[in-house]
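Working notes, beginning with the structure itself.
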Amino acid sequence: MVNNKFPDNFLWGGATAAYQCEGAWDEDGKGFAITDLLTAGTRRNPRKLTLEVEPGVYYPAKMGIDHYHRYKEDIKLFAEIGFKVYRMSVSWARIYPNGDDEKPNQKGLDFYRDVFKECHKYGVEPLVSIMHHDTPMALAIKQDGWLSKKTIDAYVKYAKTLFTEYKGLVRYWITFNEINMTMNYFGDVYGAGILSNGTRIIDINNVSDDAMSKEKQNKRFTALHNQFLASALAVKAGHEIDPNNQIGCMIASDAHYPYSCNPVNILAAQNSMRKLWYCGDVQVRGEYSYFTKRYLEEKGVTLNVTEEDKKILKEGKVDFYSLSYYTSGTDCLDQEVDTDSGNFNLGAANPYLKKSDWGWAFDPDGLRWVLNEIYGRYNVPIFIAENGLGAIDEVSDDGKIHDDYRIHYLREHTKAMKQAIDDGVDLFGYTWWGPIDLVSASTGEMKKRYGFIYVDLDNEGRGTLQRVRKDSFYYYKKLIETNGSCVFEED
């Protein structure tokens, strides 16, 4: 008899990020994070980074969805769905407003303690990202963000503060969200807080030759190395402070395929996957991969890795691998073909896959494939920290949101997860990205909605902020109640 249920104690839930939902960007002693100062945009009109607040400019992070003041209401809704886990992030600048202050901001510490207690009130386990693309702006201005070794020390102090303050309240941690984002052209500011590269436009589809110059690439990969060291030091400290802590990496993990069986396309797809392995090998295996030397040489990057660095990386290996998965990419070098343009240029348009309104290919089989690839390479437990569908939701005449497309996406990706588990993958949890509508990271829009819970807010920050349950809210509730088996009963 086929068992369609997920493993006992599987962690179902949802994921958010502080700068996309909290708001209250300057309340109770909070400083600015670099992502707070990204303007609103659209898929066609990119977001911009300003170094200070400019009058008359709309910054979506200023209000987010007001989760800072409404977290009790939101967590109660999450509990109604049946969440076992809530993956969220702590804003570094809410704890240390300048990133490297002598003492933490007590009001910031109190806020997150209240959030964690509220989660536990409903039996929801917090899973906390220590940094989710929000380098404090003060560190970016003062020392070029992660290009400076001093930022390592500031981060480790911040991480130790969290481990100490919330011992017993939080036992699942992620050191850096999508750490491989620092490798992308806008990763210098978005992932690493580097201002000297001059990146001010966050254009998700277009990359100039200047943006990928050897000088700028060197800065990105140097900053990424510093983040690896910070992650390793944090893992070691977290285990010392509380041996019960489980601390993971988090890597954006799109599947990549060759467009055809032409060997040049197969090699191109293999090289695209190295964006995952480059980071995963360091954080899970504790060392740079065999392909690093040539990989960096081809980018014009020279990396100084000392023997002490190697020791730190080896001693700070993560306990689990977490990932985001939304779509897949296709590599084609032997002919001119149409390209996809979702959140990033993911290569050739795959003729076998349908696309979302934002150009993302719908590919649940790619999730199964990439889970198997990751587990086969690392043999550590895996957690899906982000997966979801951004779409335009309309409120019907009956006042409800009928989002069958989101239910379909969730159902098919749930099936793919179960297939991967049956393949032998040790998958222990899943958090849907954006269980409640929040500000889109790539475009700054509210129009691009992921949530099971609708938030009455538009792209210009107008609305009542009322929360409304969508049809998908009830579907996910049933999915959790049946531990995943309901998706197979519909076939």
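The values are calculated or read from the model by the stated rules, or taken from the named source; none is laboratory data. Since the structure is predicted, the reported quantities are computational estimates derived from the model, not experimental observations. Glycine also receives a Cβ, built like all others from the backbone with ideal geometry; neighbour counts cover every protein chain displayed. Remember, those area values only see protein heavy atoms, side chains included, never the ligands or the DNA or RNA. Shrake-Rupley method; radii C 1.70, N 1.55, O 1.52, S 1.80 Å.
Give me the percent of the accessible area of the range 29-132 that comes from carbon and sulfur atoms, probe 1.4 Å, all protein chains in place.
Percent of accessible area from carbon and sulfur atoms in the range 29-132: 48.
Count neighbours as other Cβ atoms within 10 Å of each site's Cβ, and list the GluC sites (Glu not before Pro) in the range 30-117 that are DSSP loop with at most 10 such neighbours.
Answer in residue order: GLU52, GLU102.
For LYS355, give me every one of the aspartates and glutamates with a C-alpha distance below 14 angstrom, ignoring sequence neighbours fewer than eight places off in its own chain.
Once the sequence-local aspartates and glutamates are set aside, what remains near LYS355 is ASP338, ASP340, ASP363.
Taking amide H positions as placed 1.01 Å from N in the peptide plane, with prolines and chain starts having none, which residues 5 or more places from LYS355, or on another chain, fall under 5 Å of its amide H?
So LYS355 has HN proximity to PHE362.
For the range 233-242, take each phi angle, set θ = phi - 60°, evaluate the Karplus expression 6.51 cos²θ - 1.76 cosθ + 1.60, and give the result in whole Hz per residue in order, putting x for glycine and proline.
5, 5, 4, 4, 5, x, 6, 6, 6, 8
Of LYS62/LYS219; LYS142/LYS216; LYS84/LYS415; LYS76/LYS400, which sit over 22 Å apart, Cα to Cα?
In this structure, LYS62/LYS219 lie more than 22 Å apart at Cα.
Under the rule that an exposed site lies in a DSSP loop and has at most 15 other Cβ atoms within 10 Å, name the longest stretch of the chain with no chymotrypsin sites (Phe, Trp or Tyr not before Pro) of that kind, not counting the sites themselves.
123-289
Would you work out the charge dipole size for the chain about its Cα centre, treating the Cβ of every Lys and Arg as +1 and the Cβ of every Asp and Glu as -1, and quote it to the nearest 20 debye?
With only Lys, Arg, Asp and Glu charged at Cβ, the dipole is about 900 debye.
Accessible area per residue for the chain in Å², computed with a 1.4 Å probe and the full protein assembly in place, what is it?
39
Taking the Cα centre of the chain as the origin and placing charges on Cβ (Lys, Arg +1; Asp, Glu -1), which of VAL53, ALA232, TYR476 is farthest toward the positive end of the dipole?
So the residue we want is ALA232.
Could you please state how large a percent of the accessible area of the range 159-318 is carbon and sulfur, counting protein chains only and using a 1.4 Å probe?
Heavy-atom surface of the range 159-318 belonging to carbon and sulfur, 1.4 Å probe: 51 percent.
With +1 assigned to the C-beta of every Lys and Arg and -1 to the C-beta of every Asp and Glu, and no other charges, what is the dipole magnitude of the range 16-132 about the Cα centre in debye, to the nearest 20?
Dipole magnitude for the range 16-132 comes out near 480 debye.
In square nanometres and to one decimal, what's the mean projected area of the convex hull around the Cα atoms of the range 1-121?
With the hull built on Cα positions only, its mean projection is 11.0 nm².
Per-residue ellipticity at 222 nm for the chain, helices alone: DSSP H runs ≥ 4 residues times -39500 (n - 2.57), over residue total, nearest 500 deg cm²/dmol?
The helix contribution divided over the chain gives -11000 deg cm²/dmol.
Residue farthest toward the positive end of the dipole of the range 202-243, with Cβ of Lys/Arg at +1 and Asp/Glu at -1: which of PHE221, ILE241, SER208?
Going by the charge dipole, the pick is PHE221.
Tell me which aspartates and glutamates have Cα within less than 18 Å of LYS117's Cα, excluding those fewer than 8 residues away on the same chain?
GLU22, GLU73, ASP74, GLU80, GLU125, GLU165
Convex hull volume of the Cα atoms in the range 200-247, per residue, in Å³?
Hull volume normalised by residue count: 101 Å³.
Name the residue from TYR352, VAL264, VAL318 whose Cα lies farthest towards the positive end of the charge dipole of the range 216-359, charges +1 on Cβ of Lys and Arg and -1 on Cβ of Asp and Glu.
Selected residue: VAL318.
What is the ratio of the Cα radius of gyration of the chain to 2.2 N^0.38 Å, with N the residue count, to two decimals?
Output field value: 0.91.
For the range 177-261, what Kirkwood radius comes out of the mean inverse Cα-Cα distance, in Å?
For the range 177-261, inverting the mean 1/r across all distinct Cα pairs yields 14.8 Å.
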